[in-house]
Amino acid sequence: MKDTMLAVVKERPEPGVVIKNIPIPKPQEGELLVKVKLASICGTDIGIYDWNPWAQSHINPPIVIGHEILGEVLEINGDNPNNIQVGDLVSSETHIFCGTCYQCKNNRRHICENMQLFGIGRNGSFAEYATIPTRTSWKNDKSIPEESMSSQEPLGNAVHVVTKAGVEGKVVLVMGMGPTGLCAVAAAKAYNASKVIAINRGEYRRDLAKKMGADEVYDKLPEKYLNQIDVVLEMSGNDTAIQTAFDAVRIAGTVIIFGIPKKDITLNFGKYFIDKEVTVKGVFGRQIWDTWHQVSELLTSGKVDLTKMVTHRFPLKDFEKAMEVMKSGECGKVLLEP
């Protein structure tokens, strides 16, 4: 094997990245070395590229970015709790948990108090090779399309959102049709929501929402749905969308907050939380490993088809072109091929 690899590196604390050759990493104790087959670009990666306040508070350059991955296992070093074998196709749970804090001991490893994040707190997936902790590696069922394997992380977010909401038999409104919002539409249908309504400003992603199973799609919420929605899934982080979410939900309905706002949000607590007696829950990541089992079942059964939202593929060397497409909003899931 060669000594160096191409990688997308956040080299300095400023906007932009550098695409360069760096040494191939060696797996440390409790790690896998994988050859990256596919990596997916997330909305978080745009913030890292642009060097927004969230990125500034979470990243210490230089670091290889990217956290959605499909890799072939080349080497295993040390402890192997998930029975991974050389040649397996694995994805990574982004949330690298400590296993000893209060949250980890109470089956909430996804919100570990000492969490490290793959591609954010340590080198990630936008490279030809990567190292992943064995304990946060997921062995994929090889019957799943490889395009879908690389995008299980956002589907896992959506499944966690949908299952926490309890959507069966309910009218569900999904705000924001980025990839995780599109996954939320598909998951809500798979878990038997009576109707799924999707909202997105851009027409391109409204069309994708239809492909993913939305019953109705709009650029803004029709007035007839104000105070009528059983469950609202806020996936965008947009301040106007968040306001709409609370206007749309019915009395004693449920709002799940997943999208991260870029600034502080002001809401009328009396009007929404008290008068409406709304249940509000936040979701951060995936329930480890329960959500991954749910995701695998949805994909192997065909209840969810992630290939419908994959719209672009780029060689890793063309990362800048891929980022331009991501920023345009005229895309679904964008894949990188090292």
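The values are calculated or read from the model by the stated rules, or taken from the named source; none is laboratory data. Owing to the predicted nature of the structure, the values given are computational and were not obtained by experimental measurement. So basically every Cβ, Gly included, is an ideal-geometry build from the backbone, and we count neighbours across all protein chains shown. These area figures cover heavy atoms from the full protein model, side chains too; ligands, DNA and RNA do not enter into them. Shrake-Rupley method; radii C 1.70, N 1.55, O 1.52, S 1.80 Å.
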- Task: Output the residue which, of all residues in the stretch 122-140 that are of a type in the set (Gly, Ala, Ser) and part of a loop (DSSP other than H, G, I, E, B), is surrounded by the fewest Cβ atoms within 10 Å (Cβ to Cβ).
- Result: 124
- Message: Need pairs with beta-carbon distance below 8 Å; first residue without any contact (Cβ under 8 Å) to a residue 60 or more places away in the chain and under 29 Å from residue 293 (Cβ atoms) and within the stretch 304-320, second in a strand (DSSP E or B) and open to solvent by 60 Å² or more (accessible area, probe 1.4 Å); sequence gap 6+ or separate chains.
- Response: 313/337
- Selected residue [free of Cβ contacts under 8 Å to residues at least 24 places away in the same chain, open to solvent by 70 Å² or more (accessible area, probe 1.4 Å), over 28 Å from residue 326 (Cβ atoms) and not small (Gly, Ala, Ser)] from 273, 269: 269
- Message: Exactly one condition in (1) crowded, with 19+ Cβ neighbours inside 10 Å; (2) assigned to a helix (DSSP H, G or I) is false for residue 198; which is it?
- Response: (2)
- Condition set at pLDDT below 95 and among the β-branched types (Val, Ile, Thr), scope the stretch 241-287, selection farthest from the chain's Cα centre (by Cα): answer is 274
- Matching residues in the stretch 222-256 - criterion: being open to solvent by 40 Å² or more (accessible area, probe 1.4 Å), touching a Lys or Arg at 6+ places or on another chain (Cβ under 7 Å) and closer than 13 Å to residue 173 by Cβ: 227, 228
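Among the residues of the stretch 247-259, are any part of a helix (DSSP H, G or I), out of contact with any strand residue (DSSP E or B) (no Cβ under 9 Å at 6 or more places or on another chain), acidic (Asp, Glu) and within 30 Å of residue 312 (Cβ to Cβ)?
Of the stretch 247-259, the ones part of a helix (DSSP H, G or I) are 247-248.
In the following step, the residues that additionally are out of contact with any strand residue (DSSP E or B) (no Cβ under 9 Å at 6 or more places or on another chain) were identified as 247.
Okay, now just the ones that are also acidic (Asp, Glu), so 247.
Pick out the ones that are also within 30 Å of residue 312 (Cβ to Cβ) and you get none.
So far as the stretch 247-259 goes, no, none of its residues is part of a helix (DSSP H, G or I), out of contact with any strand residue (DSSP E or B) (no Cβ under 9 Å at 6 or more places or on another chain), acidic (Asp, Glu) and within 30 Å of residue 312 (Cβ to Cβ).
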- The condition from (1) open to solvent by 30 Å² or more (accessible area, probe 1.4 Å); (2) within 23 Å of residue 77 (Cβ to Cβ); (3) more than 17 Å from the chain's Cα centre (by Cα) that residue 103 misses is numbered (2)
- Message: For the stretch 18-51, give me the residue count where each residue is touching a residue at least 24 places away in the same chain (Cβ under 8 Å), under 18 Å from the mean Cα position of the chain (by Cα) and not in a strand (DSSP E or B).
- Response: 8
- What tally of residues in the stretch 141-175 results from selecting those that are in contact with a strand residue (DSSP E or B) (Cβ under 7 Å, 6 or more places away or on another chain), in a loop (DSSP other than H, G, I, E, B) and either open to solvent by less than 10 Å² (accessible area, probe 1.4 Å) or within 21 Å of residue 254 (Cα to Cα) (or both)? 4
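From 8, 18, which residue is under 30 Å from residue 309 (Cβ atoms) and open to solvent by less than 10 Å² (accessible area, probe 1.4 Å)?
Matching residue, one of 8, 18: 8.
Do we have any residue at all in the stretch 76-83 that's at pLDDT 95 or above and exposed (fewer than 15 other Cβ atoms within 10 Å of the Cβ)? Break it down stepwise before answering.
Of the stretch 76-83, the ones at pLDDT 95 or above are 76-77.
Going one step further and asking which of them are exposed (fewer than 15 other Cβ atoms within 10 Å of the Cβ), we end up with none.
No, there is no match, as no residue in the stretch 76-83 is at pLDDT 95 or above and exposed (fewer than 15 other Cβ atoms within 10 Å of the Cβ).
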